[in-house]
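Working notes for the structure below.
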Amino acid sequence: MNEIEIIIDTEDIKEFLYLNLIDRGFIPEENFLEEISDIFFDYLITKNVIDELNEI
C-alpha cells in the first residue's frame, strides 16, 4: 500500500469539531474543544491512522 503525507494538527480538528457541534445545536466552550481535539488526535494515533511527528 502506498503512503501519502497528510498534515493534521489539533487546531484543524478543533475547528472541524466546533463547526460540526454548532451545526448540531451545541455551543462548545474553548477548553472543551481543546481537550476533545487532543483526545481525537490521540485516538487516530492509537488506531494507526496517523503517525505523530515531532517538529524540529
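Residues being in a helix (DSSP H, G or I) and of a type in the set (D, E, K, R): count how many of those fall in region 1-51.
Residues of region 1-51 that are in a helix (DSSP H, G or I), as a first pass: 10-23, 30-46.
Still in the running and of a type in the set (D, E, K, R): 11-12, 14-15, 23, 30, 34-35, 38, 42.
So the answer is 10.
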Considering only region 42-56, state which residues are exposed (fewer than 10 other Cβ atoms within 10 Å of the Cβ) and modelled with pLDDT under 90. N48, D51, E52, L53, N54, E55, I56
Looking at E34, is it surrounded by 11 or more Cβ atoms within 10 Å (Cβ to Cβ) and charged (D, E, K, R)? yes
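The values are calculated or read from the model by the stated rules, or taken from the named source; none is laboratory data. Here the structure is a predicted model, which means the values were calculated and not measured. For neighbour counting, all protein chains shown are included, and Cβ atoms are generated from backbone atoms with ideal geometry for every residue, glycine included.
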